[in-house]
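**Student:** Starting off with a structure, shown below.
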Amino acid sequence: MDGHQYSAHFEAPGGKPVLTAYPDPLTGGEPFTIGLGHVGPDVKQGTVWTEDQCLHAFYNDYNVACGAALHIIGADTWGRLGEPRQAVLSDMAFNIGQSRLSLFAKMLAAIRRADWQAAHDELLDSAYARQTKTRAQTNAKTLLTGEWP
């Protein structure tokens with residue numbers, strides 16, 4: 001497994017991108033999502049894409065999220081994390097965005113000092129965890145163990 005596969009697992013139950021835009025589960029409307037978690041001004045109700053368009057957008061979005069995660073945690077810490085823990089931070093940046101990930105100050109501080117129990121607990125003590133139960137639990141466990149699920 002790699003980071004792309006890790007995030008794609010959450011975004012594509014059943015393994016296939018969603019080719020027709022669907023409403024946000026929390027709002028019942030905007031922002032609309034398509035493919036493997038892609039949102040943006042190019043996605044509106046009724047948008048239909050090919051599988052190739054979905055995959056292209058996913059890889060671009062995921063690479064942006066990886067860069068954001070690296071920037072937030074810092075290059076020194078990033079370099080000490082194994083790929084599963086890097087994937088957690090990238091997945092969170094992908095799912096909730098750079099600005100929201102940066103608000104996890106206690107979790108990020110725990111990661112910087114390699115206190116995996118505290119990082120796990122801080123992630124689970126969040127609105128993110130209440131809204132994305134399975135994803136957050138998987139991310140927290142991966143932070144704790146440093147192993148792929």
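No value in this document is a laboratory result; all are computed from the given coordinates. These numbers come from a predicted model, not from an experiment. When we count neighbours, we look across all protein chains shown, and the Cβ atoms used for this are built from the backbone with ideal geometry, even at glycine.
**Student:** Pick from Gly82, Gly37, Gly46: which is most flexible by mean-square fluctuation in a GNM of the chain where alpha carbon atoms under 10 Å apart are linked?
**Tutor:** Comparing Gly82, Gly37, Gly46 in the GNM, the peak value goes to Gly46.
**Student:** What do you get for Rg/Rh over region 3-145 if you use C-alpha atoms and the Kirkwood form of Rh?
**Tutor:** 0.98
**Student:** Project the alpha carbons of region 95-149 onto their principal axes and report the range along each, largest first, in whole Å.
**Tutor:** 23, 23, 17
**Student:** Let me ask something else. State the answer as a single residue: which of Phe104, Ala75, Thr20 lies farthest towards the positive end of the charge dipole of region 3-145, with beta carbon charges of +1 for Lys and Arg and -1 for Asp and Glu, about the Cα centre.
**Tutor:** Sorting the options by dipole projection puts first Phe104.
**Student:** By how many degrees, between 0 and 90 and to the nearest 10, does the Cα long axis of helix 51-73 differ from the longest principal axis of the chain?
**Tutor:** Rounded to the nearest ten degrees, it is 30.
**Student:** Over the chain, what is the relative contact order in whole percent, taking alpha-carbon pairs under 8 Å and six or more residues apart?
**Tutor:** Computed value for the chain: 19 percent relative contact order.
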